[in-house]
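What follows is a single structure, written as structure tokens, with notes after it.
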Amino acid sequence: MGRTTAIIIAAAAAVVILAGVLLFMLGRGTEKDVNQMDDELSEMKLPASDGTGPAPSVAAAAPATGNSLVVVSWGGAYTKSQIEAYHKPFEAKTGVKINSVDYNGGIAEIKVQVEAKNVTWDVVDMELADAQLACDEGLLEKIDAGTLPAAPDGTPALQDFVPNGITPCAVTTILFSHIVAFDTTKFETKKPSKLADFFNVKDFPGKRGMRKKSPKINLELALRADGVAGDKVYETLSTKAGVDRAFKKLDTIKDSVVWWEAGAQPPQLLADGEVTMTTGYNGRIFDAQIVEGKPFEIIWDGQLQELDVLGIVKGSSKLEAALQFIAFATDTQRLADQAKWIAYGPARKSSLPLVGKHFAKDIDMKPYMPNAPQNSTNAIQIDFLWWADHQEELNQRWAAWLAK
Amino acid sequence: MSAHQGAKLAEQFRLSGKRARRGTFLLVLPLLAFLMATFIFPIGAMLSRSIEDPTVATLLPRTAAALRSWNGKGRPPFSAYSALADDLKRANLEGTIGKVATRMNFERAGMRSLLIKTARVAHTFELPYAQAFNAVDLQWSEPELWGALRHASASTTAGYYASALDYSRTADGKWHQRAEEDQIYVTLFIRTLWVAGVVTGLCFLLGYPLAYFIAHLDERSRNLVLILVLLPFWTSLLVRTTAWIALLQTNGVVNDTLAALGGERLDLIHNMTGTLIAMTHILLPFMVLPAYSVMLSVPPALTRAAISLGASPWTAFWRVYFPMTLPGAAAGGLLVFILALGYYITPALVGGRTGQLISNMIEFHMKTSLNWGLAAALGGILLGGVLVLYIVYARVVGLNRLRLG
């Protein structure tokens, strides 16, 4: 009996592992086949001569006709907002089918695809800092800013986007914000109102939620809470004393912090009563506040704004369709439409006045935009170029600080 | 039978044996090919990244050649300036400057923007080059910066392994330990070993009695209890880990019960405690199953015989039964220990700040910082450590004494 059990268990484990690996490999194969089939199908329905799609290429055997695109993004409510605002109208306009794929950020997957010359993703939604790194590493196609549509009033795209909104390889879609949110039921007598209150555990008791992934955000928040002016943050962080100061500030709440990793966690931690205050992405907190009716409040003071961009994976076989998609998705109307679905600010100045009401709730979305004037009085934009230079040394120190 | 016939027969035997071996070999060939393609080759390729360092040598070839003749002391030779001006100009044209810049930033913070900035204007450089470089940024007058370039221009490097042990090097090539606030990997290696050891110990303390209990049940209830052991084993790792979060969090089931009983709420998750609890639970079947199947093969008559010869029940267990089941427990222990060394999803989810292990850093360098060389070096050290432990184990305990059933 003993022997048999062991053999059965071992065999079962082996079969599971083998099946997993095979499925994985097959899955990758079929994914491609499906794309190819989609190409063929949509080509049958829609002759490429109607002028909307690029003309059929000479190499007809390759799935490069551009009638389907793989667009990769972060999933959840965010991907939904993109499907509603970009994908559906783009499909209706051009007949190009969009396959939406979820990922979790980072550029490792792109690097693997490009290095293995097996590019299955076309357009990727990424953080600006990652896009910059990927661009430097030659993992993204260049995008000519001249091909982006001008604003309705004729302002060229380059002037219409927020600062740093257009980089050589990427075009910004939204501006999101790292903010502090708290549970109002936990502070009934005295409510926190400024960033410094996040670091004041004595007057505003309870655990704090913070993002574990990187020193980025946390060091800036610590310095701003410690009284460093917005325009002096990166200057201060460029010195050893400045970095020490930031870590010293973080030391004051180190024992009260619950560390989170995914964007869905902060509202969950607040709702579960695990923390009374947390840093988080404003869009996620908005969803919890408005859509789920949770008693949360956002402190806009000291918010850190960051940009999210679209880029094209180097070697994509559907470069033209991908460029067409990005130009379409980042035009004034599309960016304004997206704000109906999620509380992230449109990257074009011309889109902001067009932002309307939430798609389900009867509320005006403008006051919830991170770049709304009343929210951004004390805001700074995260300096992605500064981080590109300093991330290695600070990541090391951050990891060491966390582990101790 | 004549000698001739005998020789012929022997020949036939030999041939048929050879054929059978060839047949067996052909049968395992797909598996071998599969292992080569999916296991040995990728691991080899990954490990080679931990010592390979071709970026600077191939993308700034003239600079690399010029700096090789320099001893790293004092100012770099003039030829290095002109070579770098040439190389940067070309790298900027070919769009490879980003790769060099990213690579150099691993050596020295700020090199990334410095190189990109300099490359952008390198086509305007004129003699004397040294001044042209200093005009772009005064950092170019620091020998340390050229030293960093010089180290990176060798096509193989020990730098990743040194970094993985918290060492870094100065411009003239001397190794020194990193500043204390930057030391991390050695601490994490030790912590990983410690966690693996504690989890193995806990698994033994919990798993051995359980295996004993199951092995001494009657056949029907035995299968039922065995299913209870196997059921979590078949459940997704993520589901089990998340279930522990629901149980152990501040307002979770365990703490609510504690509070209802008048106790204080404890920090049971998002720290080392959480990592230990969740990992012990997840790895427990790997201890129970081998121990259990070895216990089944121990004849119950032996313990009875010992008792009938006057041994106390404890002596009978300790002197007769336990040594016979030790190979199973040892095999389970080895399985648990080695699996625990590489664990990463569970600590990532429930480990919080203090419950992170070395594999979490490997994941970070693979996915976020893209420093694959360092990730490979950390992985290489972990792999080497496991092999050493395995060999020590084989010497001390003896592999022939391990039994899985």
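The values are calculated or read from the model by the stated rules, or taken from the named source; none is laboratory data. Only a predicted model underlies this, so the values are computations on that prediction, with no experimental measurement involved. As a convention, Cβ positions derive from the backbone with ideal geometry for all residues, glycine included, and neighbour counts pool all protein chains shown. Quick note on the areas: whole protein, heavy atoms, side chains included, nothing else; ligands and nucleic acids left out. Shrake-Rupley method; radii C 1.70, N 1.55, O 1.52, S 1.80 Å.
Results, tabulated for the structure shown:
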{"item": "Residues (within 11 Å of chain B (Cβ to nearest Cβ), outside any helix (DSSP H, G or I) and either in contact (Cβ under 8 Å) with a residue 60 or more places away in the chain or open to solvent by 70 Å² or more (accessible area, probe 1.4 Å) (or both)) located in the stretch A:228-258", "result": "A:Ser238"}
{"item": "Residue ID - farthest from the other protein chains (Cβ to nearest Cβ), chosen from residues in the stretch B:206-257 that are polar (S, T, N, Q) and in a helix (DSSP H, G or I)", "result": "B:Thr257"}
{"item": "Restricting the stretch A:114-134 to residues that are open to solvent by 20 Å² or more (accessible area, probe 1.4 Å) and in a helix (DSSP H, G or I), the residue that is nearest to A:Gln305 (Cα to Cα)", "result": "A:Ala129"}
{"item": "In the stretch B:10-40, the residues that are of a type in the set (A, V, I, L, M) and either open to solvent by 80 Å² or more (accessible area, probe 1.4 Å) or within 23 Å of B:Leu383 (Cβ to Cβ) (or both)", "result": "B:Leu26, B:Leu27, B:Leu31, B:Leu32, B:Ala33, B:Leu35, B:Met36, B:Ala37, B:Ile40"}
{"item": "Answer residue from the stretch A:259-287, given it is within 12 Å of A:Gly206 (Cα to Cα), touching a helix residue (DSSP H, G or I) at 6+ places or on another chain (Cβ under 6 Å) and of a type in the set (A, V, I, L, M, F, W, C) and is surrounded by the fewest Cβ atoms within 10 Å (Cβ to Cβ) among those", "result": "A:Val275"}
{"item": "Single residue of the stretch B:352-381 satisfying the filter (at the interface with chain A (Cβ under 7 Å from one of its Cβ atoms) and assigned to a helix (DSSP H, G or I)) that is least open to solvent (accessible area, probe 1.4 Å)", "result": "B:Met361"}
{"item": "The stretch B:33-46 residues that are within 11 Å of another protein chain (Cβ to nearest Cβ), paired with ones that are in a helix (DSSP H, G or I) and surrounded by 11 or more Cβ atoms within 10 Å (Cβ to Cβ) (beta carbon under 7 Å, 6 or more apart)", "result": "B:Thr38/A:Val21"}
{"item": "Residue in the stretch B:184-192 that is among the polar types (S, T, N, Q), over 23 Å from B:Gly379 (Cα atoms) and touching a helix residue (DSSP H, G or I) at 6+ places or on another chain (Cβ under 8 Å) present", "result": "no"}
{"item": "A:Phe296 open to solvent by 10 Å² or more (accessible area, probe 1.4 Å) and in contact (Cβ under 8 Å) with a residue 12 or more places away in the chain", "result": "yes"}
{"item": "Qualifying residue in the stretch A:371-383 (condition: within 14 Å of another protein chain (Cβ to nearest Cβ) and either under 16 Å from A:Glu127 (Cα atoms) or open to solvent by less than 30 Å² (accessible area, probe 1.4 Å) (or both))", "result": "yes"}
{"item": "Among the candidates A:Ala288, A:Ala343, A:Ala271, residue that is modelled with pLDDT under 95 and either out of contact with any Pro (no Cβ under 9 Å at 6 or more places or on another chain) or of a type in the set (Lys, Arg) (or both)", "result": "A:Ala271"}
{"item": "Residue among B:Ala179, B:Ala196 that is under 30 Å from A:Asn395 (Cβ atoms) and more than 14 Å from chain A (Cβ to nearest Cβ)", "result": "B:Ala196"}
{"item": "Residue that is nearest to the chain's Cα centre (by Cα), among those in the stretch B:157-214 that are of a type in the set (Phe, Trp, Tyr) and over 23 Å from A:Lys240 (Cβ atoms)", "result": "B:Phe189"}
